[in-house]
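So the structure is just underneath, and the comments pick up after that.
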Amino acid sequence: MDGIFINRWDGSGPCFCEHCQKNFKGASGFELPRTNNPQDPARRAYILWRQQRLFDLWQHWDRAVREINPDSCVIPNTGGGATSSLDMKKIGELAPTLMADRQARHGLMSPWAIGMNAKEYRAALGMKPIVGIFSVGLEEPYRWKDSVQNGAEIQLWVADLVANGMRPWFTKFGGVLHDERWLKPVEDIYRRLAGWENYLRNERPLARVAVVYSKQTAWFVGNKVEDHINGWYQALIEARIPFELVHDRLLDAAHVNQFKTLILPNIAALSDAQCDQLRAFVKNGGSVIATYETSLCDEWGVRRKDFGLADLFGVGWKGRAEGPMQNSYLRLEHDTARDHPLLKGLEDAPRIVNGVWRLEVEPREKFAQVPLTLIPSYPDLPMEKVFPRVEKTDIAQVFLRESGKGRVVYFPWDIDRTFWEVLSVDHFKLLRNAVEWATNEAPPVSVSGGGVLDVTAWRQKNSMTVHLVNLTNPMMMKGPLRELIPVSEQQVRLRLPDGARVSKVHLLAEDTKQRFTQRGRELHIIVPSILDHEIVAVDLV
Ligand SMILES: [Zn+2]
C-alpha cells in the first residue's frame with residue numbers, strides 16, 4: 001500500500017460530547033461556544049483548538065502508518081480557499097502531496113472555479129504535486145452519484161485544472177456502469193494529456209501578479225471574503241492577465257518576491273507583522289492594490305482605530321462607513337492634457353456607477369491626480385426627485401501613489417465585491433487598469449483576440465508553455481455548457497528569459513509546428529483557433 005487517503009475525516013460540525021467538553025475546557029478554560037460570533041473569546045479559542053486537534057490527529061495517523069512503511073503517508077481530504085476551516089499554511093507544511101476535491105461545477109459556477117482551486121492549493125504547497133479530483137457526473141446536493149455529465153463540460157473542467165498546474169484524477173462511484181457515456185470523453189482526455197506530458201512538467205509559473213486570500217479574515221471578520229476575491233478573479237480572467245493566489249500567512253520575501261503586484265481584496269484582518277511584510281514588499285519595488293477594509297482589523301478581527309497600512313495608502317480612516325448606497329456614482333475626472341491610465345477605455349464616460357459600501361477616509365498627503373470622485377447618493381423615486389443634489393465633490397474614491405519603484409492603489413469602496421455582484425464593464429476596466437498601472441512593466445505574456453480565455457504561463461526545464469483555456473460559452477456567464485465553441489485567431493506575445501534562443505514552437509492541441517517571429521526578448525506567435533485547450537509550447541536552447 002502506497003498511502004491512505006481519508007475522506008470525511010474531520011467530523012460533521014461541532015461536537016458537545018463529554019470528551020470534547022473536557023478537552024476544550026482543559027486547553028482553553030472555556031465551555032464549548034454556543035455562538036458563531038468570532039469575537040466571542042470562546043468561539044475564537046474554539047476555531048483554533050478544533051484545528052489543532054485535527055492537525056494532531058492527522059500527524060498521529062501519519063506516524064502510525066509510517067512505522068509500518070516509512071515511504072507511506074496519510075493524506076486527509078482537506079484544504080481550500082479563504083472559507084475552508086483548516087489553515088492552508090499548516091496543511092502545506094504537513095502534506096507531501098494533496099488532493100483538491102472540487103469535483104465539478106455545481107449550480108452556475110464558472111469553469112474557472114477549478115483553476116482557482118489549483119491556485120489556492122499551490123499558494124501553500126508550492127510545486128509539490130497536487131491532484132485535482134474530477135467527477136464524471138453532476139455534482140449537486142441531490143447526490144446523483146451514478147449520473148453522467150456531458151463530455152464538453154468534463155473536458156473544459158479538466159483543461160482548466162491542468163492549465164493551472166494540477167494533475168487530473170477521475171472519480172466514479174461504484175463498479176457498475178449504468179451509463180457509459182463518460183468513458184470516451186475521459187479516455188480522450190487522458191490520451192491527449194499523455195501526448196503532452198513533457199510540457200506539463202512545470203517548474204514555476206511566470207505570473208507577476210498575485211491575489212492574496214486570507215483565512216483569518218474569514219474566520220475572525222467573516223466579511224464575504226469570497227465575493228471580493230471572485231470579483232478580482234473574474235476581472236483578471238477577462239483581462240487575460242496570468243496570476244497566482246498567495247496565502248496571507250506566507251507574505252515573506254521568499255513567497256512573494258516572484259511577484260511585482262499583490263492584490264488585497266478587502267483583506268480586513270492583518271497583523272502588524274503582516275503589514276510590515278507588505279511595507280517591505282513595496283520597499284523592494286513591489287506594488288500593492290487594496291480595497292475597502294483592508295488592514296482595518298488586527299489578525300484577530302479586532303478593529304483598529306486606523307488602517308494598519310495607512311502610511312502605504314496615504315489615507316486615514318475617519319471612523320465611518322456608508323452603505324448600502326443606492327443611486328450613487330463616481331465622477332471621472334478627465335485630464336484634458338493626459339488622462340490618468342486608470343481611466344483607459346473610459347475616455348467617453350463622464351460618470352459610472354459607484355459600489356455599494358464605502359469607507360469615509362481622508363488623504364494624509366497631496367495626491368497628484370484624483371481620477372475618481374464621489375457623486376453622493378440621491379433619491380431614486382419619485383421620478384421628479386431623481387437628480388443629483390451635489391454634482392461634484394472633491395471626495396476622492398481612489399488613491400494612487402508611487403513609492404520608490406513600487407506603486408500603491410487604494411479603493412476605499414467595495415469595487416471587487418460589487419463587480420462580482422453586478423459585473424459592470426466599467427468596474428472591470430478600473431480593476432484591469434489598476435493592475436496594469438501598478439505593475440508597470442511588460443507582461444510575461446499577452447494574448448489578443450476575441451473570446452474569454454484563462455491564460456496561464458509556465459516554465460519547464462527546457463521549455464516554456466502558455467495555456468489558453470477557451471471559456472467562451474454560448475450560455476453566457478454561466479458554467480453549464482452543451483458544446484465547445486472555437487474562438488478565432490489569437491496573437492500571443494511571450495517574453496523570453498534574457499539570452500534565450502527558441503528552437504521550436506509547437507501548438508500541442510493543433511499538433512502543428514508553428515512559425516514565430518522574435519524581436520529582442522519578445523516572441524510573437526499566431527494561434528489560428530482554440531476549441532477547448534491549446535498549449536503553446538516553446539522549446540528553448
Ligand atoms: Zn466529541
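Given a Förster distance of 22 Å, report the FRET efficiency between Glu31 and Gln52 from their Cβ-Cβ distance, rounded to the nearest 0.05.
Details: r = 18 Å, r/R0 = 0.81.
With a Förster radius of 22 Å, E is 0.80.
So, in Å, what gap is there between the alpha-carbon centers of segment 126-161 and segment 422-446?
30 Å
Pairwise over distinct Cα atoms, reciprocal of the mean inverse distance: report the Kirkwood radius of segment 186-286 in Å, one decimal place. The partial results should precede the final answer.
On the way: mean 1/r = 0.0647 Å⁻¹.
Computed over Cα pairs of segment 186-286, the Kirkwood hydrodynamic radius comes out at 15.5 Å.
Given the -39500 (n - 2.57) contribution per DSSP H run of 4+ residues, what per-residue ellipticity at 222 nm results for the chain, rounded to the nearest 500 deg cm²/dmol?
On the way: 13 runs with 150 residues, N = 541.
The per-residue figure over the chain is -8500 deg cm²/dmol.
Would you kindly calculate the translational diffusion coefficient of segment 1-130, applying Stokes-Einstein with the Kirkwood radius from alpha carbon pairs, for 25 °C and a viscosity of 0.890 mPa s, and quote it in µm² s⁻¹ without decimals?
Numbers: Rh = 16.5 Å.
Translational diffusion coefficient: 148 µm²/s.
Using the 2.2 N^0.38 Å rule of thumb for compact globular proteins, work out how segment 229-383 stacks up: its C-alpha Rg over that value, please. Mind showing how you got there, number by number?
Working: Rg = 17.2 Å, N = 155, 2.2 N^0.38 = 15.0 Å.
Taking N as the residue count of segment 229-383, the ratio is 1.15.
Just flag the trypsin sites (Lys or Arg not before Pro) in segment 350-457 sitting in loop per DSSP whose Cβ has no more than 16 other Cβ atoms within 10 Å.
On the way: sites: Arg351, Arg358, Arg364, Lys366, Lys385, Arg389, Lys392, Arg401, Lys405, Arg407, Arg417, Lys429, Arg432; in loops: Arg364, Lys366, Arg389, Lys392, Lys405.
Those satisfying the criteria are Arg364, Lys366, Arg389, Lys392, Lys405.
At a 1.4 Å probe radius, carbon and sulfur cover how many percent of the accessible area of the chain? Walk me through the numbers before you get to the answer.
On the way: 12660 of 24720 Å².
Here carbon and sulfur together make up 51 percent of the probe-accessible area.
Restricting attention to segment 1-97, which trypsin sites (Lys or Arg not before Pro) occupy a DSSP loop and are surrounded by at most 13 other Cβ atoms within 10 Å?
Values: sites: Arg8, Lys22, Lys25, Arg34, Arg43, Arg44, Arg50, Arg53, Arg63, Arg66, Lys89, Lys90; in loops: Arg8, Arg34.
Qualifying residues, ordered by number: Arg8, Arg34.
Take segment 357-438, drop everything but the C-alpha atoms, weight them equally and run the Debye formula without solvent; then report log10 I(q)/I(0) at 0.16, 0.19 Å⁻¹ to two decimals.
-0.75, -1.00
Label-point separation (nm) for Lys283 and Glu384, each offset 7 Å from Cα along Cα-to-Cβ?
A separation of 6.3 nm, rounded to one decimal place.
With a cap of 14 neighbouring Cβ atoms within 10 Å, and only residues DSSP puts in a loop, list the chymotrypsin sites (Phe, Trp or Tyr not before Pro) found in segment 134-181. Intermediate values should be presented prior to the final figure.
Working: sites: Phe134, Tyr142, Trp144, Trp157, Trp169, Phe170, Phe173; in loops: Tyr142, Trp144, Phe173.
Taking segment 134-181 and a limit of 14 other Cβ atoms within 10 Å, the loop chymotrypsin sites (Phe, Trp or Tyr not before Pro) found are Tyr142, Trp144, Phe173.
Relative to the Cα centre, what is the charge dipole magnitude of the chain, using +1 at the beta carbon of each Lys and Arg, -1 at the beta carbon of each Asp and Glu, and rounding to the nearest 20 debye?
Details: 68 positive and 67 negative charges, 160 e Å.
Roughly 760 debye, rounded to the nearest 20.
With labels modelled as points extended 7 Å from the Cα through the Cβ direction, what inter-label distance (nm, one decimal) is found for Lys128 paired with Ser424?
So the label points at Lys128 and Ser424 sit 4.3 nm apart.
Assuming a viscosity of 1.002 mPa s and a temperature of 20 °C, what translational diffusion coefficient in µm² per second does Stokes-Einstein assign to segment 296-393, Rh being the Kirkwood radius over Cα pairs? Please report the intermediate quantities before stating the final value.
Numbers: Rh = 15.7 Å.
The estimated diffusion coefficient comes to 137 µm²/s.
Would you grab the residues whose amide H sits under 5 Å from the one on Arg351? Only those 5+ places off in sequence or on another chain, please, with H modelled 1.01 Å from N.
Residues meeting the criterion, in which the H sits 1.01 Å from N, are Leu332.
How large is the translational diffusion coefficient of segment 433-538 in µm² per second when you combine the Kirkwood radius over alpha carbon pairs with Stokes-Einstein at 25 °C and 0.890 mPa s? Spell out each step's value before the answer.
Values: Rh = 14.8 Å.
In µm²/s, the coefficient rounds to 166.
What percent of all Cα-Cα pairs in the chain falls in each 20 Å bin, counting up from 0?
Bins of 20 Å from zero give 20, 52, 26, 2, 0 percent of pairs.
How much accessible area per residue does segment 380-513 have, in Å², with a 1.4 Å probe? Intermediate results must be reported in sequence, preceding the final value.
Details: 6280 Å² over 134 residues.
I get 47 Å² per residue for segment 380-513.
Take segment 108-195, compute every pairwise Cα distance, and split them into 5 Å bins from 0; I just need the percent in each bin.
3, 14, 24, 23, 19, 11, 5, 1
Over 30 Å between C-alpha atoms is what I'm after, so list which of Lys119/Lys461; Lys184/Lys461; Lys283/Lys478; Lys344/Lys513 land there.
Details: Lys119/Lys461 21 Å; Lys184/Lys461 33 Å; Lys283/Lys478 41 Å; Lys344/Lys513 37 Å.
Over 30 Å Cα-Cα: Lys184/Lys461; Lys283/Lys478; Lys344/Lys513.
Taking the alpha-carbon centroid of each part, what is the distance from segment 207-225 to segment 286-340 in angstrom?
16 Å
Name the residue farthest towards the positive end of the dipole of the chain from the options Leu374, Gln149, Leu245, assuming +1 on Cβ of Lys and Arg, -1 on Cβ of Asp and Glu, about the Cα centre.
Leu245
Summarise the long-distance tail of P(r) for segment 233-305 by giving the % of C-alpha pairs beyond 21 Å. Don't skip to the end; give the middle numbers.
Working: 700 of 2628 pairs.
Counting every Cα pair in segment 233-305, those more than 21 Å apart make up 27 percent.
The values are calculated or read from the model by the stated rules, or taken from the named source; none is laboratory data. Just so we're clear, the structure is a prediction, and the values are computed from it rather than from any experiment. Cβ coordinates were reconstructed from backbone atoms using ideal geometry, including for glycine residues, and neighbour counts include every protein chain displayed. Surface accessibility is based on the protein's heavy atoms, side chains included, excluding ligands, DNA and RNA. Shrake-Rupley method; radii C 1.70, N 1.55, O 1.52, S 1.80 Å.
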